[in-house]
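Let me begin by presenting the structure, written as structure tokens, before commenting on it.
The values are calculated or read from the model by the stated rules, or taken from the named source; none is laboratory data. For clarity, every value in this text was computed on a predicted model and none was experimentally measured. Using ideal geometry, Cβ is built from the backbone for each residue, glycine included, and neighbour counts are taken over all protein chains shown.
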Amino acid sequence: MSDMKIAIMGAAGRMGRELARAVHATSGCVLAGGVERPGSAFLGQDIGEIAGVGNVGAAITDDALELFTSIDAILDFTTPDATVAFAGLAANARIVHVVGTTGFGPDHEAAIEAASRHATIIKAGNMSLGVNLLTALTRRVAEALDADFDIEIVEMHHRHKVDAPSGTALMLANAAAAGRGVELDTCSVRTRDGHTGPRRRGDIGMQSLRGGSVVGDHTVIFAGDGERIELTHIASDRSIFARGAVKAALWGRGRGPGLFAMSNVLGL
Ligand code: NAD
């Protein structure tokens with residue numbers, strides 16, 4: 001089989017550069033292009049040069065429609081609105097769409113689900129092996145313990161992050177809710193301020209800290225009477241997300257349409 005041609009959306013972003021390096025370093029795929037927002041100072045520059053791996057002969061463009069006719073997959077860590085636009089174009093072009101973007105609202109989620117009727121979409125708020133394992137463990141622990149154990153999720157990220165709680169915290173909260181057999185919407189608590197009254201039994205809390213250059217820390221706390229379990233993942237290098245995204249694209253090759261998660265890719 002020929003190498004899978006993969007392009008990077010948001011090619012000049014923090015994750016975009018990491019993704020380009022990961023594709024370049026992986027056998028079985030080739031770095032075939034990059035897209036940036038209209039007006040970006042990086043348009044026309046070689047994506048390999050921007051990522052620090054040397055010239056690969058693929059200039060960053062803002063014309064996704066044209067690029068999508070000549071590639072097999074896109075890795076997309078951009079913004080919710082951009083991802084929805086890419087999902088429509090990728091579905092028309094029948095290419096694999098790996099979505100790492102976070103911060104979606106219900107309308108974005110519905111649009112991505114609609115696009116997945118025609119294309120293979122693999123979407124995860126966190127693409128690392130460790131966090132996906134943590135998600136599976138969280139579900140197991142929540143299944144094993146009843147609501148006498150209060151669940152709180154604490155996350156910390158760098159000062160530039162624009163959405164809260166993190167996509168990973170939401171993944172973990174959904175896993176905890178699924179373990180308990182409840183819908184997260186009915187029990188999620190995202191802010192506490194002033195006279196809140198006592199904690200409601202069964203609530204799942206999420207707290208977000210922001211500062212410095214923290215790549216991503218997540219702790220799921222199960223707090224009971226007289227004992228506490230804490231499950232923690234600490235990401236110290238963005239390459240873990242990029243390697244997961246490349247793995248997802250290769251896994252998606254030749255698969256039929258559908259909306260998949262990293263747990264499918266990793267067989268968890
Ligand atoms: P960033 O701001 O550094 O990069 C985003 C890039 O997207 C920028 O270069 C921006 O110009 C570009 N962009 C915006 N709109 C665009 C458009 N319409 N077309 C093309 N490019 C466009 O942000 P980042 O730290 O790289 O994070 C990006 C996203 O990835 C965030 O939602 C973040 O939460 C998420 N993220 C996910 C994971 C995961 O494993 N799923 C890991 C890290 C970050």
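Any residue that is at pLDDT 95 or above, assigned to a loop (DSSP other than H, G, I, E, B), among the charged types (D, E, K, R) and away from the ligand (no atom under 14 Å from the Cβ) - is there at least one of those in segment 47-60?
Pass one, segment 47-60, residues at pLDDT 95 or above: 47-60.
Imposing the further condition that a residue be assigned to a loop (DSSP other than H, G, I, E, B) reduces the set to 52-58.
Now drop any that are not among the charged types (D, E, K, R), which leaves none.
Scanning segment 47-60 turns up no residue that is at pLDDT 95 or above, assigned to a loop (DSSP other than H, G, I, E, B), among the charged types (D, E, K, R) and away from the ligand (no atom under 14 Å from the Cβ).
Hey, among ALA136, ALA176, which residue is over 30 Å from ARG253 (Cα atoms) and at pLDDT 95 or above? Can you show your working first?
Details: ALA136 fails: over 30 Å from ARG253 (Cα atoms).
Of the residues listed, the single one that is over 30 Å from ARG253 (Cα atoms) and at pLDDT 95 or above is ALA176.
Within segment 221-254, restricting attention to residues that are assigned to a strand (DSSP E or B) and touching a helix residue (DSSP H, G or I) at 6+ places or on another chain (Cβ under 7 Å), which residue is nearest to the ligand (Cβ to nearest atom)?
HIS233
Tell me which residues, restricted to segment 157-192, are of a type in the set (S, T, N, Q), assigned to a loop (DSSP other than H, G, I, E, B) and within 16 Å of the ligand (Cβ to nearest atom).
Residues of segment 157-192 that are of a type in the set (S, T, N, Q), as a first pass: 166, 168, 174, 186, 188, 191.
With the extra rule that they be assigned to a loop (DSSP other than H, G, I, E, B), the set shrinks to 166, 191.
If the condition is that a residue be of a type in the set (S, T, N, Q), assigned to a loop (DSSP other than H, G, I, E, B) and within 16 Å of the ligand (Cβ to nearest atom), then SER166 is the only one that fits.
Tell me the residue from HIS24, HIS97 that is touching a helix residue (DSSP H, G or I) at 6+ places or on another chain (Cβ under 8 Å), part of a strand (DSSP E or B) and either within 18 Å of LYS247 (Cβ to Cβ) or hydrophobic (A, V, I, L, M, F, W, C) (or both), please.
HIS97
Would you please name the residue that is farthest from the ligand (Cβ to nearest atom), looking only at residues in segment 79-103 that are under 21 Å from ARG238 (Cβ atoms) and either modelled with pLDDT under 95 or surrounded by fewer than 22 Cβ atoms within 10 Å (Cβ to Cβ) (or both)?
PRO80
It is to be established whether one or more residues within segment 205-219 are surrounded by 14 or more Cβ atoms within 10 Å (Cβ to Cβ), in contact with a Lys or Arg (Cβ under 9 Å, 6 or more places away or on another chain), assigned to a helix (DSSP H, G or I) and of a type outside the set (Val, Ile, Thr).
No, that holds for no residue.
Among the residues of segment 120-136, write down those that are buried (at least 24 other Cβ atoms within 10 Å of the Cβ) and over 15 Å from the mean Cα position of the chain (by Cα).
THR120
Please work out if ASP146 is charged (D, E, K, R) and over 19 Å from the mean Cα position of the chain (by Cα).
yes
Looking only at residues in segment 60-78 that are crowded, with 16+ Cβ neighbours inside 10 Å and small (Gly, Ala, Ser), which one is nearest to HIS118 (Cα to Cα)?
Per the criteria, the residue is ALA73.
Would a scan of segment 136-145 turn up a residue that is part of a loop (DSSP other than H, G, I, E, B), farther than 18 Å from ARG238 by Cα and free of Cβ contacts under 8 Å to residues at least 60 places away in the same chain?
No, because not a single residue in segment 136-145 is part of a loop (DSSP other than H, G, I, E, B), farther than 18 Å from ARG238 by Cα and free of Cβ contacts under 8 Å to residues at least 60 places away in the same chain.
Taking segment 104-131 as the region of interest, how many residues are within 13 Å of the ligand (Cβ to nearest atom) and among the polar types (S, T, N, Q)?
So the answer is 2.
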